[in-house]
Structures are given as structure tokens and as C-alpha cells.
Amino acid sequence: MYLDSAATTQKPQEVIDAIAKFYSSKYGTVHRGLYDLSSSATRDFENTRNLIAQFIDARSSSEIIYTSGATESINLVAHSYLRPLLRAGDEVIISIMEHHANFVPWQQLVKEKNATLRIVPVSENGQFDLGVYKKYLTRKTRFVAVTHVSNVTGVVNPVRQIVDLAHEVGAHVLVDGAQSIAHMPLSMQGLDCDFFAFSGHKLYGPTGVGVLYGKKALLHEMIPYRYGGEMILEVKEKVSTFKPAPHRFEAGTPNIAGVVGLGAAIRFILDLT
């Protein structure tokens, strides 16, 4: 018996087989070769991106960025989106129920920028305290980061209400979906959150792969947070230009086998529903 899926999930045979098949007979790099193995790997890589977009009801696969997991997804938003915008006196709101991955990045960023971190408590019954949250929301609120489902208590937060209230004061919202992604139907258009982060390994997929969903208009504004191959349009001696999202945020050779395994995990879940 295994009862630790809040930390990580066991892997279905379909996922193990997909990864093994990729390494044994289909391995190739993506986006960089014209030979058959590379073309096949690229198709699998991008087909999984399309599958993820459908799975979470994103408007476009261009809103799906591959990362190493939810932790990297959250840090990407902190560094590429919020850091250039945050000013002294601005406020960021999180909750006391956040995983460290959705707590510490914002804590450190507000410290760097001389901004303020507001931490929403839980009520007596363990719920996100909407009353306090409403009091914290002002025109100083620049950003809100909140978990969809607590990894400790299993409480499901009223994310759509949290998002709507934040948007009323002009703030954007990141939702940590690491605990919800495997257990409930999700619609990015329905939640209307600006960013959504999750890990593959909590979705019956492999470790080392995750996803950041971001609204296309916001991704277009964001600068890359790391540089290298894969995200380049052109390099000159004094200036470089970069691909549009999502590839501008995917520098370096990606975890192709992890993406293949993630696709198999999503198909496994879809077959159960």
C-alpha cells in the first residue's frame, strides 16, 4: 500500500514503457535535426504540449512552457515576470498554507525590492480566510500567489473567487496546481488565473519535468530568465534575439524523455475518466 501521493506518485506501466521505448528506439534531439529520429522526437515533444493545453483547457499550446517542475515554474514567474515590475511599496499576497516553493520565492523577491509580503491566514476550520484576503487587497497589490489544494490538509481553495478579487485591483495571480492537477478537471479559461504551475511527478509522470501555463499576453511581456540554445532566433556579436513563447523560456536541451512520460501519464488519466 502506498499513501504518499501528495509528495509523489507511483508510475503506471504505460509511463515506464513510453520512456523505455523512447530511449531504446526513438531517441533524438528536438527542433535541431532533419533526420528521422529528431523529427519523430520533435513531433512527440510538441504533440505532448498540445495534449497538455487540451488537458488544462488553455487557449493555445503556445501558453504551455516545459520546466523541471512546479518549483522552477514558480521561480520563472518570480524572476521573469514580477521582478522587473515590482517596486518599493508594492505588495504581494500569498497564504500561510503555501508550499515552500510558493512561499520563499516571493519572500526573497519582496525583500530584494523593498516591497511587502502579505500572508493570508487560515480560518478556524482550516480554510483560506477570504475576509482577511479582501482586506489585504488594495491598489498596492501587484501579485497574488496561492495554492489550489493544500498539500498538508487537502483543503481546496476558492481559486476563481481569489482570482476575480485580485483582478478587480489590477493584480495578477499565479496558482500552484501541483496538488490539484491529478485529481480534478481543470480549465485555465474557467479559473482565469494568469499563471498555473504543476509537476509531472505528482501526475503519475516522471520526475524532472513540469509545466508553467501563462496567458499569452503576459508571456509576451516576459524576458528570458536563462539563455542558451533552443530559444535563439539570431546571435550577433553585440546583440541576440529570441524566439517567442514558449520556446524563449526553454533554453538548453530539454528533458525530452520526461515530456514523453508526461504525455503518457496524461493519456493514462484520460483513459480512466
request  = Give the percent of DSSP beta bridges with both residues in the stretch 70-199 that are antiparallel, rounded to the nearest 5.
outcome  = 10
task = Rank the residues Leu174, Leu82 as a footprinting-exposure proxy: fewest other Cβ atoms within 10 Å of their Cβ go first.
result = Leu82, Leu174
query = When DSSP beta bridges are limited to those with both residues in the chain, what percentage is antiparallel, rounded to the nearest 5?
reply = 45
ask   = Along the positive direction of the dipole of the chain (beta-carbon charges: Lys, Arg +1; Asp, Glu -1; about the Cα centre), which of Phe195, Leu37, Gly69 reaches farthest?
value = Phe195
ask   = From the backbone phi of the stretch 95-106, what are the Karplus-calculated ³J(HN,Hα) couplings (6.51 cos²θ - 1.76 cosθ + 1.60, θ = phi - 60°) in whole Hz, Gly and Pro given as x?
value = 10, 5, 8, 5, 4, 3, 5, 10, 10, 5, x, 6
task = Assign unit charges at the C-beta atoms only (+1 for Lys and Arg, -1 for Asp and Glu), then state the dipole size of the chain relative to its Cα centre in Debye, rounded to the nearest 20.
result = 640
query = Could you put Met184, Met231 in order, starting from the residue whose Cβ has the fewest other Cβ atoms within 10 Å?
reply = Met184, Met231
task = Filter the chymotrypsin sites (Phe, Trp or Tyr not before Pro) in the stretch 202-273 to those in DSSP coil with at most 15 other Cβ atoms within 10 Å of their Cβ, and list the result.
result = Tyr227
Expected 222 nm ellipticity per residue - DSSP helices of 4 or more, -39500 (n - 2.57), all of the chain, to 500 = -9500 deg cm²/dmol
request  = Could you estimate the translational diffusion coefficient of the stretch 1-149 from the Stokes-Einstein equation, with Rh from the Kirkwood formula over C-alpha pairs, at 4 °C and 1.567 mPa s, in whole µm²/s?
outcome  = 69
request  = Pick out, in residue order, every one of the trypsin sites (Lys or Arg not before Pro) in the stretch 48-112 that is DSSP loop and has at most 13 other C-beta atoms within 10 Å; say none if there are none.
outcome  = Arg59, Arg87
inquiry  = As a quick test, which of the pairs Lys140/Lys216; Lys26/Lys202; Lys135/Lys215; Lys113/Lys140 have an alpha carbon distance above 18 angstrom in this structure?
reply    = Lys140/Lys216; Lys26/Lys202; Lys135/Lys215
ask   = Amide H neighbours of Ala115 under 5 Å, counting only residues 5+ apart in sequence or on other chains, H built in-plane at 1.01 Å?
value = Gly89
inquiry  = Spelling out what I want: for every residue of the stretch 41-54, take phi, set θ = phi - 60°, compute 6.51 cos²θ - 1.76 cosθ + 1.60 (Karplus), and round to whole Hz; glycine and proline get x.
reply    = 5, 5, 4, 4, 4, 7, 5, 5, 4, 5, 5, 4, 4, 5
inquiry  = Just to be sure I understand the model, the point goes 7 Å from the Cα along the line to the Cβ. What's the resulting Asp192 to Asp36 distance in nm?
reply    = 5.1
key: Debye, to nearest 20: dipole size of the stretch 83-144, +1 on Lys, Arg Cβ, -1 on Asp, Glu Cβ   = 380
task = Answer with one residue from Val152, Ser95, Val169: the one whose Cα lies farthest towards the positive end of the charge dipole of the stretch 70-199, charges on Cβ with Lys, Arg +1 and Asp, Glu -1.
result = Val169
ask   = If you compute Kirkwood radius over Cα pairs in Å for the structure shown, which of [x] 19.4; [y] 20.8; [z] 20.2 do you land on?
value = [x]
inquiry  = For the stretch 21-120, which chymotrypsin sites (Phe, Trp or Tyr not before Pro) pass both filters: DSSP loop (anything but H, G, I, E, B) and at most 15 other C-beta atoms within 10 Å?
reply    = Tyr27, Tyr35
message = For a test of the definition: using alpha carbon positions, the gyration tensor, and the 1.5 limit on a/c, classify the stretch 115-240 as rounded, prolate or oblate.
response = oblate
ask   = What is the magnitude of the charge dipole of the stretch 1-125 about its Cα centre, with +1 placed on the Cβ of each Lys and Arg, -1 on the Cβ of each Asp and Glu, and no other charges, expressed in debye to the nearest 20?
value = 380
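Here, each number is a calculation from the coordinates, and none is a lab measurement. Just so it is clear, the structure is predicted and the values come from calculations on it, not from any experiment. No Cβ is skipped: glycine too gets one built from the backbone with ideal geometry, and neighbour counts run over all protein chains shown.
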